[in-house]
Every structure is written in structure tokens, then in C-alpha cells.
Amino acid sequence: MLEKTLIIIKPDGVAGGFTDEIIRRYEASGLKVVKRKDMMAPLSIVEKHYPMDPDYLRSIGEKTIAAGQAVKSAEDQGRKVVTWLRKFITSGPIVVLLLEGEDGVVAARKVTGFTDPSTAEKGTIRGDLGTDSILKANKEERPVYNLIHASGSPEEAEKEINLWFPQ
């Protein structure tokens, strides 16, 4: 089934000169770039993209725990990470992509690789081009530099597409 998904090449991906390679990899997997925006991320959109919703914050904090770091509260850790993410994604140019393809969300996430570049599979964008880790980022009190945001589900993709590419 044809499905749309959202990809954001974050400031580290743009500044690192990886934009063309990242797009090439998505297209080589059969995904088509339907829309593209090169921009500075407005805080008004970023605050909706990375919300301070308790469930979302816990899910982000649980990635820290899964990486092997003990925290007092997954939600509190998630709040820190979201604060860092908001600051980071507004710090430099980004490229926002609307991709479409067969099972687009799953296909894009497969090409993207796991959130933590240090454990992402080789052959994925984060596994090949990423050099950071969740543990290092948390120690330095910043978000993980993992080059890309990729929608995690069809529902998330729909919400994010409407946010970044309003009708």
C-alpha cells in the first residue's frame, strides 16, 4: 500500500554535507520525494513536533534507559531530551521531506536505522554516517546527533506531514 511519511534531515545532517546522500538512499529504496522544504525550523512548529506530552516524554526517556543509563524518571529524562532537541533543531538549516512509497513509514525507518547511531545497523543511514551515541549525548547534556527524524508510525506521519506541509 502506498503510504506517505515525513523525514527531517537535522542540522547535523545538513551541516555535515549528507543531504544528497540521505535523499539518494531513500530514493534507491523505492521511496519518492513528493515535497521538499529547505528551511530554518520555526519554534512554533518544533514545539508541536516535539511535544511536552507525558506519554511522549516517557517514550523518549525510555530510550536513555534502554541505552544503559539509569535515570530517576523516564518522563523527566524525556523532558530534558525534548528541550535539547528543540534547541538543536532550531539551531541551523534543516531539510523536510515528504516521502511516498510502498509501506512508506516502515521502508523509511528501515533505511534510516535505529535512533542511536552507535547501535544502528551498518547499511542504514545512521549506521553508516552517524558517529554519536545516546549515552555520550546525555553525558554532554544535548540531543543525540543522529542526522534524521523519521516518522515512527502512519498516525505520527499523518500528524507530522500536516504540521510541516499544511494544506
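Conditions (1) surrounded by fewer than 17 Cβ atoms within 10 Å (Cβ to Cβ); (2) at pLDDT 95 or above; (3) farther than 19 Å from K159 by Cβ; (4) aromatic (F, W, Y), marked per residue:
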| residue | (1), (2), (3), (4) |
| --- | --- |
| K48 | yes, yes, no, no |
| P51 | yes, yes, no, no |
| L85 | no, yes, no, no |
| S91 | yes, yes, yes, no |
| L99 | no, yes, no, no |
| V106 | yes, yes, no, no |
| T112 | no, yes, no, no |
| S118 | no, yes, yes, no |
| K122 | yes, yes, yes, no |
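Per-residue answers, yes or no, for (1) within 12 Å of the chain's Cα centre (by Cα); (2) of a type in the set (F, W, Y); (3) within 24 Å of A28 (Cβ to Cβ):
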{"residue": "I94", "(1), (2), (3)": "yes, no, yes"}
{"residue": "T115", "(1), (2), (3)": "yes, no, yes"}
{"residue": "K136", "(1), (2), (3)": "no, no, no"}
{"residue": "E140", "(1), (2), (3)": "no, no, no"}
{"residue": "V144", "(1), (2), (3)": "yes, no, no"}
{"residue": "W164", "(1), (2), (3)": "no, yes, yes"}
Handout entry: helices (runs of 4 or more DSSP H) wholly inside segment 1-113 that include at least 2 residues being within 22 Å of F165 (Cβ to Cβ)
Key = 11-15, 19-28, 43-49, 74-89, 104-112
Exercise for the section: Return a yes/no flag: does segment 65-81 have any residue that is of a type in the set (S, T, Y) and more than 23 Å from S153 (Cα to Cα). Expected result: yes
Handout entry: Among the residues listed as T64, T19, the single one being surrounded by 20 or more Cβ atoms within 10 Å (Cβ to Cβ) and either within 26 Å of V106 (Cβ to Cβ) or modelled with pLDDT of 95 or more (or both)
Key = T64
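Residues checked against (1) within 29 Å of V71 (Cα to Cα); (2) in contact with a Phe, Trp or Tyr (Cβ under 6 Å, 6 or more places away or on another chain):
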| residue | (1), (2) |
| --- | --- |
| V106 | no, no |
| F114 | yes, no |
| G127 | yes, no |
| N138 | yes, no |
| R142 | yes, yes |
| Y145 | yes, no |
| A150 | yes, no |
Exercise for the section: Look at G61 and say whether it is of a type in the set (G, A, S) and within 17 Å of the chain's Cα centre (by Cα). Expected result: yes
Exercise for the section: Tally the residues that are crowded, with 16+ Cβ neighbours inside 10 Å and either of a type in the set (S, T, Y) or over 25 Å from K48 (Cα atoms) (or both), restricting the search to segment 137-167. Expected result: 2
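The values are calculated or read from the model by the stated rules, or taken from the named source; none is laboratory data. Please read these numbers as outputs of a predicted model, since none were measured by experiment. Cβ coordinates were reconstructed from backbone atoms using ideal geometry, including for glycine residues, and neighbour counts include every protein chain displayed.
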